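K.L.:
Below is a structure I'd like to ask you about.
The values are calculated or read from the model by the stated rules, or taken from the named source; none is laboratory data. Treat the numbers as computed from the prediction; the structure is a model and nothing was measured. In this analysis, Cβ positions are derived from the backbone assuming ideal geometry, glycine residues included, and neighbour counts consider all displayed protein chains.
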């Protein structure tokens with residue numbers, strides 16, 4: 001009998017243990033708070049304090065970690081620098097467009113994604129309704145802030161961090177603002193730091209599109225939450241303790 005080809009056999013683990021531990025320490029700060037003690041890191045990573053301390057020396061030297069006067073640690077400026085580089089090179093449309101396709105198919109109405117540029121709202125992506133009677137929006141179109149649900153989201157949530165929202169009402173709906181025959185409902189989408197990234201909007205003609213429809217709003221909320229996660233936002237939560245590992 002012929003032996004299984006190499007590709008079908010179990011491949012050896014080629015990961016680097018030191019790199020895995022370094023990333024585990026940095027990942028512990030996600031949801032772990034602004035600063036963490038060695039005990040906090042030990043519980044979050046499963047690594048012994050003595051092991052973590054050795055890694056902290058190198059991380060501090062490279063400005064990935066800063067040690068505070070009380071002995072606790074916080075993330076350093078090097079990570080912020082890398083984050084800005086990542087954000088500048090990140091193609092948001094590659095994340096937004098698939099979401100728009102899905103919502104447009106589920107609702108049958110026009111779906112758009114807007115961002116804030118100064119005192120204007122800019123449509124950077126949209127999917128038109130499949131109906132002949134529809135709201136038509138051109139990507140790239142720019143409008144001054146008004147009383148539309150889009151503008152309300154982009155202005156009211158501009159200085160709000162997602163982690164502070166709790167059970168606050170996040171939907172905004174309006175009708176007849178730009179066109180007496182149309183209405184819309186919008187919801188904020190957040191990024192890695194919990195700051196507003198844009199407004200996800202469904203719009204349609206009054207009489208056919210109900211901005212208060214619970215099932216539609218549920219789908220829109222799920223899409224916005226999914227987009228926020230893909231754009232780097234992580235809801236607050238406690239780190240899970242894991243089994244301790246030696247060096």
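K.L.:
Give me the pairs, please: first residue somewhere in region 137-164 and assigned by TED's automatic domain parsing to the domain that holds residue 119 and closer than 15 Å to residue 126 by Cβ, second residue anywhere and loosely packed, with under 14 Cβ neighbours inside 10 Å and at pLDDT 85 or above, beta-carbon distance under 8 Å, and either six or more positions apart or on two chains.
P.N.:
Close Cβ pairs (under 8 Å, with a partner that is loosely packed, with under 14 Cβ neighbours inside 10 Å and at pLDDT 85 or above) amount to 142/117.
K.L.:
For residue 190, are the conditions met, namely being free of Cβ contacts under 8 Å to residues at least 60 places away in the same chain, in contact with a helix residue (DSSP H, G or I) (Cβ under 8 Å, 6 or more places away or on another chain) and closer than 19 Å to residue 95 by Cβ?
P.N.:
So residue 190 fits the description; yes.
K.L.:
Please give the number of the condition residue 130 fails out of (1) farther than 30 Å from residue 30 by Cα; (2) modelled with pLDDT of 90 or more.
P.N.:
Condition not satisfied by residue 130: (2).
K.L.:
Can you tell me which of 169, 105 is in the same structural domain as residue 197 (by TED's automatic domain parsing), out of contact with any strand residue (DSSP E or B) (no Cβ under 8 Å at 6 or more places or on another chain), at pLDDT 90 or above and surrounded by fewer than 12 Cβ atoms within 10 Å (Cβ to Cβ)?
P.N.:
Only one candidate qualifies: 105.
K.L.:
Okay, next question. Kindly provide the set of residues from region 173-189 that are at pLDDT 95 or above and farther than 19 Å from residue 108 by Cβ, ordered by number.
P.N.:
Residues satisfying the conditions are 188, 189.
K.L.:
State all residues of region 133-156 that are at pLDDT 90 or above and part of a loop (DSSP other than H, G, I, E, B); if no residue qualifies, say none.
P.N.:
145, 146, 147, 148
K.L.:
Does residue 63 fit the bill of being modelled with pLDDT of 90 or more and within 23 Å of the chain's Cα centre (by Cα)?
P.N.:
No: the conditions fail for residue 63.
K.L.:
When region 208-219 is examined, which residues are found to be touching a residue at least 12 places away in the same chain (Cβ under 8 Å) and surrounded by fewer than 24 Cβ atoms within 10 Å (Cβ to Cβ)?
P.N.:
Of everything in region 208-219, those that are touching a residue at least 12 places away in the same chain (Cβ under 8 Å) and surrounded by fewer than 24 Cβ atoms within 10 Å (Cβ to Cβ) turn out to be 208, 211, 212, 216, 217, 219.
K.L.:
Name the residues in region 179-206 that are buried (at least 17 other Cβ atoms within 10 Å of the Cβ) and part of a loop (DSSP other than H, G, I, E, B), would you?
P.N.:
191, 194
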